[in-house]
Each structure stands twice: as C-alpha cells, then as structure tokens.
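Here is the structure we will look at, set down as structure tokens.
The values are calculated or read from the model by the stated rules, or taken from the named source; none is laboratory data. A quick note: this is a predicted structure, and the numbers were derived from the prediction, not measured. Virtual Cβ from ideal backbone geometry, glycine too; neighbours counted across all protein chains shown. Just so you know, the surface numbers come from the protein's heavy atoms only, side chains and all, with ligands and any DNA or RNA stripped out. Shrake-Rupley method; radii C 1.70, N 1.55, O 1.52, S 1.80 Å.
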Amino acid sequence: MPRVAVYTGTFDPVHLGHLDIIERGCRVFDRLVVAVGINPDKSPLLTVDERVSLLREVTAPFGNVEVMPFSGLAVHFVREINATCMLRGLRTTSDMEYEFTMSLANMTLDSEIETVFLMAKDIYSHLSSSLLKQIASFGGDLAKFLPVPALELVRTKMGPRPGKKT
Ligand code: ADP
C-alpha cells in the first residue's frame, strides 16, 4: 500500500522552513498532501486560494506532492483522503510541548493515524510565518526566507518597504 502523509499548516505564507520539510517528507513518503488550513478564528494575510496556489507553484518540481485546502479536524481530513500519517516539523523545545499535546489529542481521536516529526534544519529553525510578517511590517527584507513567488505576493500585499529607496 502506498504510504500517504498529510502535512497540515496555515502557510501564511509558505517559507523555506516549510519547503525543507516538504522536500524531505516527500522522500520519506510515496505521496505527500500539503493541507492548507481554513481557520475562521485566524485572519491570515493571504487568502486560502493564494496560499494554495503559492504552495502548488513551489512544490511542482517534487512530483509526489499535492496541495489541498482543508477545514475542520485534521484527523478527519487524513481519513477522508485515505492517508495514514501526519507529518509535522519541529523547530524548538517550545514547539515540542505544543506538538506533543496535539499528537496525543490526535492519537486519542484516531489511534490508527500516526504523527511523524522531522527536525527543522538548523538554518531554518528560527523561521515562522508570524515572525516573517512582523519583519515585513517593519520594512525588513524577506528575500532570504521566502521562495520567490511568496516574496512577490507578500510585497504586493504589504506594500512598499518603508525607508527603502527604489
Ligand atoms: P500552524 O502553526 O498554523 O500549524 P504553520 O504554517 O506555522 O502552521 O506550520 C505548519 C507546520 O510546519 C508545523 O508542523 C510547524 O511546526 C512546521 N514548521 C513551521 N515553521 C517551520 C520551520 N521553520 N522549520 C520546520 N518546520 C516548520
């Protein structure tokens, strides 16, 4: 049976830390579904369609990666698409606490679905979408952290960088 995993997240926007987990994850699994969360409690910078199409564009070279929007419980989505694993990235010990709780909750909801963790690469372990949006809001350059299509869209959405001569 092909091993199918789901990598859930908000991806607002997708950054190089996410992409690294996707690239490594798609070598571990036969198929990797990147599931973009629609969370009514969050007010993301990018719409779900923008996040999905960015991810489709940047994961196209991998071949066995598919990108889909999802809402509701992640374990229900995993079942719905006949996957058996959830893939998560771990950055720091503070991630561990949250991820440990989430994976226990998911295990209780569906004991047949396993959560698999990949450690973040050291060069990306400080990256988070919220930190990047904060940097951008103060006019910082995100070129080192975002794939080009994400960089362009964030620049369009957040406007010109203050204090930067063109
Ligand atoms: P959310 O926090 O809303 O679940 P994110 O888009 O922030 O969504 O993260 C999705 C997944 O990517 C999570 O498993 C998270 O731990 C992982 N992740 C986030 N940033 C990094 C990074 N810099 N390196 C590796 N994994 C990461």
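Brief remarks on what is shown
- Area accessible to solvent at Thr47, 1.4 Å probe radius, in Å²: 70 Å²
- For the range 57-68, the Karplus equation 6.51 cos²θ - 1.76 cosθ + 1.60, evaluated at θ = phi - 60°, returns couplings of 5, 7, 9, 3, x, 6, x, 10, 10, 10, 10, 9 Hz by residue, with Gly and Pro reported as x.
- Backbone geometry of the range 12-20 corresponds, through the Karplus equation with coefficients 6.51, -1.76 and 1.60 at θ = phi - 60°, to 3J(HN,Hα) couplings of 10, x, 5, 10, 5, x, 4, 4, 5 Hz, x marking Gly and Pro.
- Selection of trypsin sites (Lys or Arg not before Pro), the range 33-134, meeting DSSP coil and at most 10 other Cβ within 10 Å: Lys42
- Under 5 Å from the amide H of Val36 lie the amide H atoms of Met68, Phe70, each residue being 5 or more positions distant or on a separate chain, with H modelled from the backbone and absent for Pro and chain starts.
- The chymotrypsin sites (Phe, Trp or Tyr not before Pro) of the range 85-166 meeting both criteria, a DSSP state outside H, G, I, E and B (loop) and at most 14 other C-beta atoms within 10 angstrom of the site's C-beta, are Phe138.
- Relative contact order of the range 4-158, taken over Cα pairs closer than 8 Å and 6 or more residues apart, is 31 percent.
- Just the protein heavy atoms count here, and of the accessible area of the range 88-146 at 1.4 Å, carbon and sulfur take up 61 percent.
- Accessible-area ranking of Met68, Met1, Met96, largest first, probe 1.4 Å: Met1, Met96, Met68
- Dipole magnitude for the chain: about 700 debye, using +1 per Lys or Arg Cβ and -1 per Asp or Glu Cβ, origin at the Cα centre.
- Rounded to the nearest whole Hz, the Karplus-based 3J(HN,Hα) values (6.51 cos²θ - 1.76 cosθ + 1.60, θ = phi - 60°) of the range 99-108 follow the sequence 5, 4, 4, 4, 5, 5, 5, 5, 5, 5, with x at glycine and proline.
- For the chain, the tally of Lys pairs with Cα-Cα distances below 23 Å comes to 12, considering only residues 8 or more apart or on different chains.
- Dipole orientation for the chain: of the candidates Ile21, Thr8, Leu109, Ile21 has the Cα lying most toward the positive pole (charges on Cβ; Lys, Arg +1; Asp, Glu -1).
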